[in-house]
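Here the structure comes first, spelled out in structure tokens, and everything after it is commentary.
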Amino acid sequence: MPTEAPINNRPQDLNPLPAASVAPPEWLRALGAVKGLGGAALPPQLFLEAVEQAPLAISITDTRANILYANPAFERTTGYARQELIGQNESILSNRATPKEVYRQMWESLAQGRRWSGLLVNRHKDGSPYLAELDITPVLGPDGETSHFLGLHRDVSEVHQLTQGIRNQKALLERVMDAAPFALALLDLQGSAVLRNRGFHELEERIGQGRLIPAVLKGIEGFSGDDLAAARRRGETFSEQELVFDPGGSGEPYWFSCSGGWIEQADSRADHYFEAPGEQRLLLVINDISALKRQQERARRNAMRALMAEHEMSERIREALSGAMFQLQSNLNLAHAAAGMLERRGGQDPLRGVLVQLIDSGNRALDALRQGAPAEPGEPRGLLNLNQIVRDVLGLMTERMLAEGIEVEWSPEAVLPSIHGLQTGLRCAIKQLVANAIDAMSEPDARGRLLRVSTHTHGNRVLLRVQDQGPGIPEELRFRVFEPFFTAWSAPGKHTGVGLSAAREMFARHGGEIEIDPNGQEGCRVVVSLPLADGREAR
Ligand code: FAD
């Protein structure tokens with residue numbers, strides 16, 4: 001423990017420094033000249049002038065904190081003139097708002113000869129408070145004991161106000177962000193979230209950890225989400241873009257409305273102080289609009305059911321008529337052949353006349369049938385989500401599948417790029433594939449009742465797989481099943497054999513293909529491949 005210097009509180013016993021002509025105090029004079037760099041002698045007066053002119057409030061006290069010296073900056077900071085300060089205790093500055101514990105720790109440190117620094121609530125001479133950042137260093141005498149204290153302090157009220165203001169703003173912003181009814185995240189250029197609000201955490205919990213950001217970055221059309229640095233360079237942003245996220249299984253799909261814009265955040269690292277550009281961040285706002293969309297979906301499904309029923313009805317009529325026309329045309333071909341043969345034999349065979357009449361009336365009947373066939377419903381092409389179409393179909397077939405004890409394993413690619421095409425046409429074609437799969441699993445030699453349906457992207461195409469556990473299609477029939485009127489069901493009566501050929505026709509109209517996968521392990525696996533809208537490469 002350093003021994004205390006004698007307490008000398010009487011101002012006249014102190015050695016105050018005159019304000020105008022500043023003479024070095026005894027202890028400083030005792031130092032003599034100090035050797036500077038290169039051995040040049042630095043006079044004590046220089047040290048005094050340096051302290052006098054320093055912009056920091058400097059005071060020197062005895063070991064009881066009685067002020068022996070205060071520099072002009074101290075006067076400016078406190079509002080007291082030097083004469084008023086000399087001989088006073090530093091407590092003259094106390095605003096009586098600093099907790100006792102702070103002073104206790106301060107004195108405990110100083111008593112042990114250790115430096116102390118901290119914040120105190122002081123007051124100016126006029127009584128106005130200020131926050132002082134104070135640093136006290138014990139000055140050791142020749143005996144190694146504390147003989148004085150050197151106090152350095154500055155008014156940090158403004159810095160404190162600013163810091164506090166920023167803290168308050170941050171707290172407010174966090175509150176507002178957390179209370180916001182949408183998910184918000186700030187992403188760095190690597191796609192990692194550096195900030196997330198509560199809405200984001202909640203949404204991520206619902207759809208699965210780590211799935212939300214990739215889904216959005218991948219799913220926004222026209223945005224280079226896989227290379228954010230490039231997206232930033234090109235200034236790509238998006239506003240209220242809708243995105244469907246399909247978790248698969250029995251979970252309902254989510255609809256998000258997403259907006260993304262760039263902001264620049266200043267880099268707070270000291271070594272980046274003079275570097276102008278800050279960090280580029282993508283501010284992502286995700287609004288979960290699933291509830292609203294589900295309502296719209298219910299209405300849409302009802303309308304879709306009616307539309308499909310109409311589409312299927314005219315499809316069935318067209319199928320029946322084309323079956324009848326096919327039969328009639330075959331018979332007319334025979335009649336033509338027979339009439340031709342009779343003509344070549346020569347003579348006036350009355351049978352030939354009958355045949356010619358038959359052919360005439362047959363052609364008229366054929367024309368009438370052609371004209372009577374319902375026209376294909378005109379439907380505008382648009383951007384479509386294949387997951388949505390498959391979901392619609394599975395929804396429509398649910399009752400039938402439940403009745404037949406069929407279980408569905410639906411594995412969609414979570415975010416599927418759009419295709420371009422005819423919604424009802426594709427829906428009917430896919431419904432045909434699902435209906436075939438159900439029929440196959442009702443065959444006597446079916447192996448099971450599990451229907452597997454999946455989607456995924458491959459290059460610039462979307463693949464749809466429909467796999468059943470029916471008896472499968474033998475190798476030699478893999479291509480024939482797509483021929484019109486071909487049927488290999490055990491109960492062919494209820495099938496016309498045009499379903500697959502009509503489906504193939506529909507996929508072909510979309511630049512797509514359909515095939516029976518020779519590698520399907522059990523049952524039949526139908527694979528449909530359709531081009532992405534604009535031939536876009538899937539990411
Ligand atoms: P108390 O804590 O009750 O103490 C009364 C006095 O007793 C003190 O002022 C001190 O002279 C003496 N004392 C108390 N404990 C000890 C001890 N362990 N050893 C020796 N003497 C002791 N305070 C401020 O509020 N603002 C300032 O800007 C400020 N600057 C200071 C600068 C220096 C260099 C030093 C050494 C102290 C400074 N203090 C300052 C502390 C100040 O001296 C008081 O301790 C403090 O203001 C509390 O006031 P108080 O009347 O409650 O004093």
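Those residues that are of a type in the set (S, T, N, Q) and over 20 Å from Gly395 (Cβ atoms), I need them from region 434-451; list them, please.
Correct list: Ser442 only.
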Given the conditions (1) touching an Asp or Glu at 6+ places or on another chain (Cβ under 9 Å); (2) farther than 30 Å from Pro417 by Cα; (3) open to solvent by 50 Å² or more (accessible area, probe 1.4 Å); (4) among the β-branched types (Val, Ile, Thr), report the number of the one that Val194 does not fulfil.
(2)
Condition first: farther than 23 Å from Ala414 by Cβ and β-branched (Val, Ile, Thr). Now tell me which residues in region 151-208 satisfy that.
Val156, Val159, Thr163, Ile166, Val176, Val194
Just need a number here: residues in region 84-126 that are closer than 19 Å to Arg154 by Cα and under 54 Å from the mean Cα position of the chain (by Cα).
18
Only one of Gly362, Gly340 is without any contact (Cβ under 8 Å) to a residue 40 or more places away in the chain, crowded, with 16+ Cβ neighbours inside 10 Å and not aliphatic (A, V, I, L, M). Can you tell me which?
Gly362
Here is a check on your reading of the model: is Asn122 within 8 Å of the ligand (Cβ to nearest atom) and in contact (Cβ under 8 Å) with a residue 40 or more places away in the chain?
yes
When the residues of region 520-539 are narrowed to those that are at pLDDT 80 or above and over 30 Å from the mean Cα position of the chain (by Cα), which ends up farthest from Arg447 (Cα to Cα)?
Val528
Mind checking whether some residue in region 153-165 is open to solvent by 70 Å² or more (accessible area, probe 1.4 Å), farther than 30 Å from Ser59 by Cα and not in a strand (DSSP E or B)?
no
In region 220-244, which residue that is in a loop (DSSP other than H, G, I, E, B) and touching a residue at least 40 places away in the same chain (Cβ under 8 Å) is nearest to Ile289 (Cα to Cα)?
Ile220
Among the residues of region 63-96 satisfying the criterion of being in a helix (DSSP H, G or I) and near the ligand (Cβ under 7 Å from one of its atoms), which is nearest to Ile136 (Cα to Cα)?
Glu90
Does Leu243 fit the bill of being over 30 Å from Lys431 (Cα atoms) and either buried (at least 19 other Cβ atoms within 10 Å of the Cβ) or among the charged types (D, E, K, R) (or both)?
no
Of all residues making up region 97-117, the number that are near the ligand (Cβ under 10 Å from one of its atoms) and in a strand (DSSP E or B):
1
Only one of Pro142, Pro138, Pro129 is open to solvent by 50 Å² or more (accessible area, probe 1.4 Å) and within 14 Å of the ligand (Cβ to nearest atom); which?
Pro129
Qualifying positions in region 302-327 - aliphatic (A, V, I, L, M), open to solvent by less than 50 Å² (accessible area, probe 1.4 Å) and over 22 Å from Arg391 (Cα atoms):
Leu321, Ala324, Met325
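The values are calculated or read from the model by the stated rules, or taken from the named source; none is laboratory data. From a predicted model like this one, the values you see are computed outputs, not experimental measurements. Quick reminder, even Gly has a Cβ in these numbers, built from the backbone with ideal geometry, and neighbours come from all protein chains shown. For the accessible areas, the whole protein counts, side chains as well, though only heavy atoms, and no ligand, DNA or RNA atoms are used. Shrake-Rupley method; radii C 1.70, N 1.55, O 1.52, S 1.80 Å.
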